[in-house]
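The numbers here are math on the coordinates, done by the rules we state, and not lab data. Quick caveat: nothing in here was measured; it's all calculated off a predicted structure. We place every Cβ from the backbone using ideal geometry, glycine too, and count neighbours over all the protein chains shown.
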Ligand code: KMH
Ligand code: ZN
């Protein structure tokens, strides 16, 4: 071994293990897009287990009625969460408080009554395709932030654009969001920031040094952004909510297949996968 190799070995940085989140269902994607998109309780369990067995430690959860209609109904969440916990006992279940476009704040907040360890907190309003607007006013974000602090729920701060990081930082200063903050960069939504390397660099460089982040690339951006986060020491979200393809033109058979691909990429870069217990430690849950 030459001396420069010795030096670089000494200086190498050990990265934290990789937390993989599986967004198994979402509120918008339908079986017409991929027949494996889950609607029923049994389908949600099947998809959560496939992701968990493949290496996901967090399940980001939306629920549907059996016909595919999204709902934030507390009882439906409870049924799905309990059923998932039977098969994936230590998984971190992270319900959505975003729900679907057009839902009221209190409707969206229902799953927080089940006291999950984590839940999403969307940090701004954006166009969501066609005439749809995903509305999150400053007062809404404050209301959700206060609720989560009161109930001891760690928010995953969903940012669809740079301005939403500014909002989160401002509300953190005012006490509506606690440290250490955990961000999810949702990139490539029609209405939000794009999914190019420069977009990632911009967001990644805009969060505090004690914050953690995960990246959720939408559609074709899913695995390129996942790779950047793996190299950078960040964390990764994949799943049908964001993307239904394993590769160009090839539908994923399950959420597990998407997680397996992330695990393969991580292995190539020497990044180990976090267990749910390790994820809890990394995220200070
Ligand atoms: N379905 C989107 C309108 C979240 O889970 O918090 C909102 C969403 C974000 O999916
Ligand atoms: Zn979601």
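According to the square roots a ≥ b ≥ c of the eigenvalues of the Cα gyration tensor, what is the shape class of region 100-228, taking rounded for a/c under 1.5, prolate for a/b larger than b/c otherwise, and oblate for the remainder? The partial results should precede the final answer.
Details: a/c = 1.74, a/b = 1.27, b/c = 1.37.
Verdict is oblate for region 100-228.
Quote the relative contact order of the chain in percent (integer), defining contacts as alpha-carbon pairs under 8 Å separated by 6+ residues.
With pairs under 8 Å counted, the relative contact order is 23 percent.
Running Debye on the chain with equal point scatterers at the Cα sites and no solvent, what base-10 log of I(q)/I(0) appears at q = 0.08, 0.10, 0.13 Å⁻¹?
So the normalised log intensities are -0.30, -0.48, -0.82.
Could the peptides 274-282, 121-129 be put in order, highest first, of the mean number of other beta-carbon atoms found within 10 Å of their residues?
The densest-packed peptide leads the list: 121-129, 274-282.
What order do you get for 228-235, 206-213 when each peptide is scored by the mean count of other beta carbon atoms within 10 Å, highest first?
228-235, 206-213
Multiplying the sequence separation of residue 264 and residue 197 by 0.36 nm and subtracting their Cα-Cα distance, what value in nm do you get?
Taking 0.36 nm per residue and subtracting the Cα distance, the gain is 22.0 nm.
Based only on other Cβ atoms within 10 Å, what is the fewest-to-most ordering of 284, 254?
284, 254
For residue 73, put the label point 7 Å out on the Cα→Cβ axis and report which residues of region 19-57 keep their amide N under 18 Å from it.
26-28, 38-45
Arranged by the count of other C-beta atoms within 10 angstrom, fewest first, what order do 151, 203, 157 take?
Listed from fewest to most nearby Cβ atoms, that is 151, 203, 157.
As a test of the formula, what do you get for the chain when each DSSP H run with n ≥ 4 contributes -39,500 (n - 2.57) and the sum is divided by the residue count, at 222 nm and rounded to the nearest 500 deg cm²/dmol?
Numbers: 10 runs with 107 residues, N = 285.
The helix contribution divided over the chain gives -11500 deg cm²/dmol.
Output the peptides 183-193, 260-270, 88-98 sorted from most to least packed, where packing is the average of other Cβ atoms within 10 Å over each peptide's residues.
Packing proxy ranking, top to bottom: 183-193, 88-98, 260-270.
For region 160-246, would you read off the P(r) tail past 18 Å as a percentage of all alpha carbon pairs? It would help to have the intermediate numbers written out before the result.
Numbers: 1470 of 3741 pairs.
Summing the P(r) tail past 18 Å for region 160-246 gives 39 percent.
Report the percentage of all Cα-Cα pairs in region 56-164 whose separation exceeds 20 Å, rounded to a whole percent.
Taking all Cα-Cα pairs of region 56-164, the fraction more than 20 Å apart is 39 percent.
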